[in-house]
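Report on the structure given below.
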Amino acid sequence: MLSPVRLVSEPAELAAHRHNGMARKRRGSEPYVNHLAEVANLLATATDGADAELVAAGWLHDTIEDTDTTREELAQKFSERVASLVVECTDDMSRPKAERRRLQIVDAPKKSAGAKLIKIADKISNIGARIQTDPSADERDDLADYVGWATQVAAGCRGGNPWLDEKFDDAVKAARALL
């Protein structure tokens with residue numbers, strides 16, 4: 001088993017390499033890895049650094065979905081728990097977006113405690129990415145749509161970490177102030 005420091009640094013490196021060249025949605029040319037760093041940092045802060053596997057899964061939560069990374073590779077390089085958490089947070093990209101969204105709402109309450117925390121951290125980061133100074137009508141519509149859906153997903157994930165729940169509420173409040 002990797003040391004806790006390596007269990008955070010090595011997934012960060014893998015995520016950065018696998019997402020190299022990808023830009024973050026709603027943030028122009030911002031590197032996608034910034035989203036992964038934000039999710040991992042939210043999880044590290046929420047757990048006061050006590051769960052390196054959770055932070056590792058935060059770094060890697062989109063790797064199976066967005067790259068050619070496999071569950072087996074993550075289990076071999078990091079741990080079975082890291083791989084399982086990433087799989088729990090992975091959407092089936094062969095399904096239409098509306099179906100993927102519906103399934104996230106339905107499946108959220110059934111997720112493990114760790115996957116629920118990753119989902120909330122992911123939604124916090126994605127709401128923040130959509131908050132713009134003086135948003136256009138299209139940006140406001142996108143923000144309203146995303147916040148409405150993310151709130152439904154988060155409802156099934158709440159209760160595992162009061163700090164993360166509060167950060168989600170703060171993100172929603174900031175978003176709604178623009179609507």
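Coordinate-derived values only; no laboratory data. All figures in this text were calculated on a predicted structure; none of them were measured in a lab. Because the Cβ atoms are built from the backbone with ideal geometry, glycine has one as well, and the counts that use them run over all protein chains shown.
What the table shows:
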item: Partner lysines for Lys167 [C-alpha distance under 30 Å; skip if fewer than 8 residues away on the same chain]; result: Lys25, Lys97, Lys110, Lys111, Lys116, Lys119, Lys123
item: Three-way shape call for region 26-76 based on the alpha-carbon gyration tensor, with the a/c threshold at 1.5; result: oblate
item: For a label point 7 Å along the Cα-to-beta-carbon line of Glu139, residues of region 9-39 with backbone N under 20 Å; result: 23-32, 34-35
item: Dimensionless Rg/Rh of region 11-107 - Kirkwood Rh, Rg from C-alpha atoms; result: 0.97
item: Between helix 97-107 and the chain: long-axis angle, C-alpha atoms, 0 to 90°, nearest 10; result: 70 degrees
item: For a label point 7 Å along the Cα-to-beta-carbon line of Met93, residues of region 12-55 with backbone N under 16 Å; result: 15-25, 32-33, 36
item: For the chain, calculated [θ]222 nm from helices alone, where every DSSP H run of n ≥ 4 adds -39500 (n - 2.57); result: -21000 deg cm²/dmol
item: Distribution of pairwise C-alpha distances over region 59-179, 10 Å bins, in %; result: 13, 40, 35, 11, 1
item: Neighbour-count order for Ile64, Ile131, fewest beta carbons within 10 angstrom listed first; result: Ile131, Ile64
item: Contour excess over end-to-end distance, with Cα ends at Glu10 and Met22 and 0.36 nm allotted per residue; result: 2.4 nm
item: Overall dimensions of region 51-126 as given by Cα atoms, namely Rg and Dmax in Å; result: 11.9, 34
